[in-house]
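Beneath this line is the structure, given in structure tokens, with notes to follow.
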Amino acid sequence: MTKDTISRRRLLKIAGVTGSALLLPGCDRLSRSPTFREVVLSSGEKLAYRVQRLLGVNPLAREYEPEDMSPSFRTNGNTMPAAAEYRRHLETNFADWRLDVGGAVKKPASFSLADMKAMPARSQITRHDCVEGWSAIGKWTGVPLGAILDRVELEPDARFIVFHCADDFRGTNYYESIDLVDAFHPQTILAYGMNDGELPVGHGAPVRLRVERQLGYKQAKFVMRIEAVESLSAVGGGKGGYWEDSNGYEWYAGI
Amino acid sequence: MTMTTIDNTDVSLPEGGLVYRHRLSTRIWHWINALTLLIMLMSGLMIFNAHPRLYWGDYGANADPAWLEIGSGGGEGYLRIGSLTVETTGVLGLWHDGNGTLRSRAFPGWATIPSYYSLSMGRLWHLTFAWVFALGIVAYGVWSWLNRHIERDLLPSKTEIHPSHIWDDVKKHARLDFPKGEAALNYNILQKLAYLGVLGVLIPVAILTGLTMSPAMNASWPWLLDIFGGRQSARSIHFIVAWLLVGFFLVHIAMVVLAGPLNEIRSMITGRYRLPPENAEVKAEEKDA
């Protein structure tokens, strides 16, 4: 029996040590393997995208009451674009700034801040969820993206809307993209106002995207140009967004 | 050697012989769960590392009060829960990685997937294996309900659920007096309650609080926010439930070790289990050894 006990203890120890020794480097190696990433690890995102679209195309994100709002709404990502052109617009309070909307559209157009403010506005108090895990509730005011897209009239083959931004990470300008379901969702707005004031620079002035059923990195700030495309393959590194291309974050950030 | 299954109770069982206790489907499900739960825990700790603070309510960020925080300051790592602060240098908040580099992340590299900091990779692992885990538990639930495994083996009988019976079983466990002979083929009441608590409460709550953190799920199923009291509460509950599952795992392993690890592990690999002998002399012999 004594012999047996020792062998049991040894067995457990060996099992434990080899288990963790195999699992961790194994997971690290698999994490670094592009094939494993493409074939296995991206399946969660693909399933989530399909299932969440099946659950409903247009349910609204929860809208909160003014008393539910975060006392302070932190900023993150870039809080002050370095580009000289942006700095000029900032100095002139975006008086001659224009939002260019083009790509796979019938009537490319550009909108001044005044043009956008003249359009029917939508205000919503919603929760912003960062991929890191924190949340903040704030009030956003802007023009529904769908109204802008209706003005420029999408080509029939347009499938994604891409946002090109003024801020950059190590020389690469920020960009993000969403599908047409989210683009025409009633709560998807180009916000020029926050918490009943102008949109602060730290939160993306003059205009940022609010796409309320996805995580924070999809909410492109400092939007300069909007482009309708058939496919994301020609956008940046082909995955549809700055963090998607540079760090392997999921394109669909609904979860 | 006579083989019998757990539901054929009329067949006379060989004393100390091998019986067929776990079906192949049960065994496969058990080991997939073991691996998946470990992946979920370790990739979950990586996700926690991205923002090692927990809140109650709908919102919560750096300026808001956190009820739990893992961090570092002044060359020391710490875990803070409410007003209690524990120094955790070397394990939590501040630790050396495999290359000897000092890191100021919450959970150490040996506990996370991947071992190096990568929120995006942690999320890919977590959100992919969440499907394996959730679909596995749903399939198990449906299957076990249809074949009456839940009713027959897991739900306690009226006599079992009586406080005096439960107390009796608690005392037996405390004396490490485990069921012998045929009685070892049935789950005892504490075992039933533990399994029901894990399968019926902890795992469903883990899955639902996980879904509550999804902004798209919040739009489709807003009741999730109501039952858990907001997204940040759901995140806190998710974290607590993960550690309760770790607690279950530790007790589970302790019980396997105390009840005879080789026999128990064999029964979960081959399905065959040797009945613990009822004979008192054999028991005495074991004690002497």
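The values are calculated or read from the model by the stated rules, or taken from the named source; none is laboratory data. Remember, predicted model here, so these are calculated numbers, not experimental data. Glycine also receives a Cβ, built like all others from the backbone with ideal geometry; neighbour counts cover every protein chain displayed. When the accessible area is computed, the model is the full protein with side chains, heavy atoms only, and any ligands, DNA or RNA have been set aside. Shrake-Rupley method; radii C 1.70, N 1.55, O 1.52, S 1.80 Å.
Structure notes:
- Diffusion coefficient, µm² s⁻¹, Stokes-Einstein with Kirkwood Rh over alpha-carbon pairs of chain B at 4 °C and 1.567 mPa s: 59 µm²/s
- Estimated vicinal HN-Hα couplings, Hz - the stretch A:156-171 in sequence order (Karplus 6.51, -1.76, 1.60; Gly, Pro = x): x, 8, 5, 10, 9, 10, 10, 10, 9, 10, 7, 7, 9, 10, 6, x
- Cα centroid separation - the stretch B:83-97 against the stretch A:136-193, whole Å: 42 Å
- Dividing the mean sequence gap of close Cα pairs (under 8 Å, 6+ apart) by how many residues chain A holds gives a relative contact order of 20 percent.
- Between B:Arg27 and B:Asp168, the modelled label-to-label distance comes to 3.4 nm, taking each label 7 Å out from Cα in the direction of the beta carbon.
- Rounded Å value of the spacing that divides the Cα centres of the stretch B:41-68 and the stretch B:222-276: 23 Å
- A cut-off under 12 angstrom between Cβ atoms defines the neighbours of A:Val131, and their net charge, with Lys, Arg +1 and Asp, Glu -1, is -2.
- Hull shadow area, averaged, the stretch B:54-104 [alpha-carbon convex hull, nm²]: 4.2 nm²
- In this structure the amide hydrogen of A:Tyr249, modeled in the peptide plane, comes within under 5 Å of the amide hydrogens of A:Glu244, none closer than 5 places in sequence on its chain.
- Test item: B:133-145 mean partner chain Cβ contacts at 10 Å: 0
- For the stretch B:95-253, the Kirkwood hydrodynamic radius from C-alpha pairs, put into Stokes-Einstein at 4 °C and a viscosity of 1.567 mPa s, yields a diffusion coefficient of 69 µm² per second.
- Heavy atoms of B:Trp221: accessible area, 1.4 Å probe, square angstrom to 10: 80 Å²
- Legend: residues in the stretch A:30-47 shielded by at least 30 square angstrom of accessible surface upon adding the remaining protein chains to the isolated chain (1.4 Å probe, heavy atoms) are A:Ser31, A:Arg32, A:Arg37, A:Leu41, A:Gly44, A:Leu47.
- Mean residue ellipticity (222 nm) of the protein assembly as shown, computed from DSSP H runs ≥ 4 via -39,500 (n - 2.57), nearest 500: -13000 deg cm²/dmol
- Taken across both chains, chains B and A shield about 4500 Å² of accessible surface from a 1.4 Å probe.
- Accessible carbon and sulfur surface of the stretch A:48-197 relative to its total accessible area, %, 1.4 Å: 50 percent
- Relative contact order, percent, chain B [alpha-carbon distance under 8 Å, six or more residues apart]: 23 percent
- For chain A: Kirkwood Rh in Å [reciprocal of mean 1/r, alpha carbons]: 20.3 Å
- Of all accessible heavy-atom area on chain B, the percent that carbon and sulfur account for (1.4 Å): 65 percent
- The listed residues B:Asp58, A:Asp100, B:Asp169, once ranked by accessible area (1.4 Å probe) with the largest placed first, stand as A:Asp100, B:Asp58, B:Asp169.
- Built amide H within the under 5 Å cut-off of B:Thr88, gap 5+: B:Gly77, B:Tyr78, B:Leu79
- Amide hydrogen neighbours beyond the local backbone of A:Gly103, cut-off 5 Å, H modeled: A:Ala228
- Where the protein assembly as shown is the region considered: accessible area per residue in Å², 1.4 Å probe: 49 Å²
- Take the convex hull of the alpha carbons in the stretch A:115-255; its mean projected area over all directions comes to 8.2 nm².
- Using heavy atoms of the protein chains and a probe of 1.4 Å, the accessible area assigned to B:Lys172 is about 80 Å².
- Where N is the number of residues in the protein assembly as shown, Cα Rg divided by 2.2 N^0.38 Å: 1.17
- Scanning chain B for long hydrophobic helices, with DSSP H runs required to stretch 15 angstrom or more by C-alpha along their axis and to average at least -1.0 on the Kyte-Doolittle scale, returns B:24-50, B:119-146, B:231-259.
- Under Karplus coefficients 6.51, -1.76 and 1.60, residue-wise ³J(HN,Hα) of the stretch A:119-134 in Hz, glycine/proline x: 7, x, 9, 10, 10, 8, 9, 10, 9, 9, 10, 7, 4, 5, x, 7
- Taking all protein chains together and a 1.4 Å probe, the residues B:His165, B:His30, B:His126 rank B:His165, B:His30, B:His126 from largest to smallest accessible area.
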